[in-house]
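A quick write-up on the structure given underneath.
All of the numbers you see were taken from the coordinates with simple rules; none came from a lab. Just so it is clear, the model here is predicted, and its values are computed rather than measured. Note that we place each Cβ from the backbone using ideal geometry, even for glycine, and neighbour counts take in every protein chain shown.
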Amino acid sequence: MLSLSDVLDARQRVMEVARHTPLEYSHSFSEMTDAEVHLKLENFQRTGAFKIRGAMNRIATLSGEQQDAGVVTASAGNHAQGVALAATRAGVDSKIVMPEHAPVSKVKATERYGGEVVLHGTDYSEAQAHAHELEDEEGRTYVHAFDDPVVMAGQGTIGLEIIEDCPNVETVVVPIGGGGLIAGIATALKEKNPDVRVVGVQAEGASSVVESLQRGAIYERESVDTIADGIATRRVGDLTFEIIKDRVDEVVTVTDEEIAVALTYLLERHKALAEGAGAIPIAAVLSEAFDYAEDEVVVPACCGGNIDLNTLTTVVMRGLVATGRYLRFQTILKDQPGALVDLGEIIAEHRANITAFHHDRTSRDVAMNDARVELEVETRGPDHVEELLDALREAGYDVEIVNGYEMGVGIPSRHANH
Ligand SMILES: Cc1ncc(COP(=O)(O)O)c(C=O)c1O
């Protein structure tokens, strides 16, 4: 099994190409949770994610002959870029197989890091099968994304950095996809200090570890559905599962909405951009998916920042809705001069800013002398949303929320007005 000495050995090789990423105290998250929250900002790693650590350790430990034959892998995500850059830096040829519909941005990024992209198959399984064919035909070494102790040891170097930069750490929260990241980090931390608690986190729509631990055997989902595409895996690895069973204290799940809220807060308060899988450990802390004490030193490991800008727009909008910063509602007005001004006055009195407006008096479900209006407004938080809705209802408007904060949804109310 993987041990601390493997991680220590990996370190020098990994640091030839990877950065020692920052660990920063977060005033905002500490205030929101009453814990002492320090963020491991691995989203600032080269290639935008931690994958380069494991890939580098794998490639640097190949024999000269293996290096000459090159490496191959299948991935349309962070692993693709990690392997491409690690191989280039080690002077090794790399082929990265991606499904034919892989986003052009990912293809280009991988090529920029020096990998040769081979587009093959309609999904990841077909791409992976082809990568194994290339492994056989061309004698290349297949670099697994997680189920390889050498790769895990490379990821474990994050654990060393956490404990060095925050020696009084009590709990580290780590996302789980295939499980290589948490297996490496837990191995490094537990041998350094067995009292450090390691909590794993998965998205509800891609969770398999909680079920696997309950059954005592790996559970494989039929499908996955989450905004955290970096950890959208149907099952963990055989080897990583053994280490998770042994070294991870607790595994929890969070919803996509909780991930969106965490991502939005991280961006706004900490000026740091994470992808869904990068924000998920913060989501677990904010949503109190596991128990922690007041002033407990908690380190969410934010391990990736590669998010597509279209996805970011959607996720931030979801985050603003869930935190009471954006409200879309409908109401009915008399179709007569001044009705709209009256409504606008109440909104202005309560200092909400109208950003969009639609007026409808022709739809069949709107009465002849009425008009239905739909407004989008910027608000300052849950209390402000409540204040505005109360004022409108008191003035006699029948208000229907189309998209907006509803008490009890999104984030625990204790944190909601921070
Ligand atoms: C940003 C990010 N975080 C976490 C993970 C999870 O890592 P693992 O698959 O080793 O569990 C991944 C996996 O690709 C990832 O891209």
What number, in percent, do you get for the relative contact order of the chain if the mean sequence gap of Cα pairs under 8 Å and at least 6 apart is divided by its residue count? 15 percent
I need the phi-derived Karplus couplings for the stretch 370-384: 6.51 cos²θ - 1.76 cosθ + 1.60, θ = phi - 60°, integer Hz, Gly and Pro marked x. 10, 9, 9, 10, 10, 10, 10, 10, 8, 10, 9, x, x, 5, 5
³J(HN,Hα) across the stretch 142-149 via Karplus (A = 6.51, B = -1.76, C = 1.60, θ = phi - 60°), whole Hz, x for Gly/Pro? 7, 9, 6, 6, 8, 8, 8, x
Which entries in Lys192/Lys271; Lys192/Lys245; Lys95/Lys245 show an alpha-carbon gap greater than 23 Å? Lys192/Lys271; Lys95/Lys245
Most fluctuating of Gly115, Gly54, Gly70 in the GNM of the chain (C-alpha, under 10 Å) is Gly70
For the stretch 106-260, what is the relative contact order in percent, using Cα pairs closer than 8 Å and at least 6 residues apart in sequence? 21 percent
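Under Stokes-Einstein, with the Kirkwood radius over Cα pairs standing in for Rh, what whole-number D in µm²/s applies to the stretch 53-142 at 25 °C and 0.890 mPa s? Don't skip to the end; give the middle numbers.
Values: Rh = 12.5 Å.
The diffusion coefficient I find is 196 µm²/s.
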Debye equation applied to the C-alpha atoms of the chain, log10 I(q)/I(0) at 0.06, 0.13 Å⁻¹: -0.29, -1.03
Selected from Ala80, Val199, Ser212, residue furthest toward positive end of dipole (the chain; charges at beta carbon): Ala80
Check which residues have an amide H placed less than 5 Å from Arg197's amide H, if you skip close sequence neighbours. Thr171, Val172
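Work out the length of the dipole vector of the stretch 53-142 about its Cα centre, built from +1 on the beta-carbon of each Lys and Arg and -1 on the beta-carbon of each Asp and Glu, and round it to the nearest 20 debye.
Working: 8 positive and 13 negative charges, 130 e Å.
Dipole about the Cα centre, nearest 20: 620 debye.
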Viscosity 1.567 mPa s, temperature 4 °C: what is the translational diffusion coefficient of the stretch 188-262 from Stokes-Einstein with a Kirkwood Rh over Cα pairs, rounded to a whole number of µm²/s? 98 µm²/s
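Based on DSSP loop calls and a cut-off of at most 10 other Cβ atoms within 10 Å, the longest stretch of the chain free of exposed trypsin sites (Lys or Arg not before Pro) is what?
Numbers: sites that count: Lys271, Arg364.
The longest uninterrupted stretch comes out as 1-270.
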If you build a Gaussian network model of the chain, linking Cα atoms that sit under 10 Å apart, which residue out of Asn57, Asn353, Asn369 swings the most? Asn369
In whole Å, largest first, what are the principal axis extents of the Cα atoms in the stretch 324-401? 36, 18, 17
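Given +1 on the Cβ of Lys and Arg, -1 on the Cβ of Asp and Glu, and no further charges, what dipole in debye does the chain carry about its Cα centre, rounded to the nearest 20? Please report the intermediate quantities before stating the final value.
Numbers: 36 positive and 69 negative charges, 199 e Å.
Roughly 960 debye, rounded to the nearest 20.
From the convex hull of the Cα coordinates of the stretch 1-105, what is the mean projected area in square nanometres?
Working: hull surface 37.7 nm².
Averaging across all directions leaves 9.4 nm² for the Cα convex hull.
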Using alpha carbon centroids, what distance separates the stretch 184-250 and the stretch 315-383, in Å? 44 Å
Phi-based couplings in Hz for the stretch 49-65 (Karplus 6.51, -1.76, 1.60; Gly and Pro marked x): 7, 6, 4, 5, 5, x, 5, 5, 4, 5, 6, 5, 9, 6, 6, x, 5
Once amide H atoms are built 1.01 Å from N in the peptide plane, which residues 5 or more positions from Tyr142, or in another chain, come under 5 Å H to H? Val72
